[in-house]
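This report concerns only the one structure given below.
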Amino acid sequence: MFSEAGKILVIGGLAAILFGLALMAASKAGNTGWFHWIGNLPLDIRIEKENFRFYFPIGTSIMLSILLSLVMYIIGRFMSR
C-alpha cells in the first residue's frame, strides 16, 4: 500500500522538477519558445497601472490542471497493469 503511494510521489516529484526546468529554460528563451502561451491565455487577468500590478492566471491554471490531470490519468493507467 505505501509502496504505491511512494511511487506516485516520486513520479509526481520528478514531473514537477522536469516541468520547472522546462519553465526555467523557456524564460531564458524569451517569448519565442514553446511556452510563450503561459500567462497569455484569454482568461488570464492582468491589470497594470503606474504603481500597481495585478496578475491572476485563471486560463493558465485551468490549462495546466487539464494537462496534469491527463498526465496523471495516463500514469495511473500504466501503473495499474
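The values are calculated or read from the model by the stated rules, or taken from the named source; none is laboratory data. Quantities reported herein were computed from a predicted structural model and do not represent experimental measurements. Reconstructed Cβ throughout: ideal geometry from the backbone, glycine too, with neighbour counts over all protein chains shown.
How do the pairs read when you match residues in the stretch 18-32 that are under 18 Å from VAL71 (Cβ atoms) with residues anywhere that are of a type outside the set (Ser, Thr, Tyr) and modelled with pLDDT of 75 or more, using Cβ under 6 Å and keeping only pairs 6 or more apart or on different chains?
none
Condition first: among the hydrophobic types (A, V, I, L, M, F, W, C), outside any strand (DSSP E or B) and either in contact with a strand residue (DSSP E or B) (Cβ under 8 Å, 6 or more places away or on another chain) or surrounded by 12 or more Cβ atoms within 10 Å (Cβ to Cβ) (or both). Now tell me which residues in the stretch 51-81 satisfy that.
Once the filter is applied, which keeps residues that are among the hydrophobic types (A, V, I, L, M, F, W, C), outside any strand (DSSP E or B) and either in contact with a strand residue (DSSP E or B) (Cβ under 8 Å, 6 or more places away or on another chain) or surrounded by 12 or more Cβ atoms within 10 Å (Cβ to Cβ) (or both), the stretch 51-81 yields ILE58, ILE62, MET63, LEU64, LEU68, VAL71, MET72, ILE75.
Does ALA22 fit the bill of being under 14 Å from the mean Cα position of the chain (by Cα) and either surrounded by 10 or more Cβ atoms within 10 Å (Cβ to Cβ) or modelled with pLDDT of 85 or more (or both)?
Yes: the conditions hold for ALA22.
Could you please let me know if PRO42 is surrounded by 13 or more Cβ atoms within 10 Å (Cβ to Cβ), in contact with a Gly (Cβ under 9 Å, 6 or more places away or on another chain) and modelled with pLDDT of 80 or more? First the steps, then the outcome.
Values: surrounded by 13 or more Cβ atoms within 10 Å (Cβ to Cβ): no; in contact with a Gly (Cβ under 9 Å, 6 or more places away or on another chain): yes; modelled with pLDDT of 80 or more: yes.
The answer is no for PRO42.
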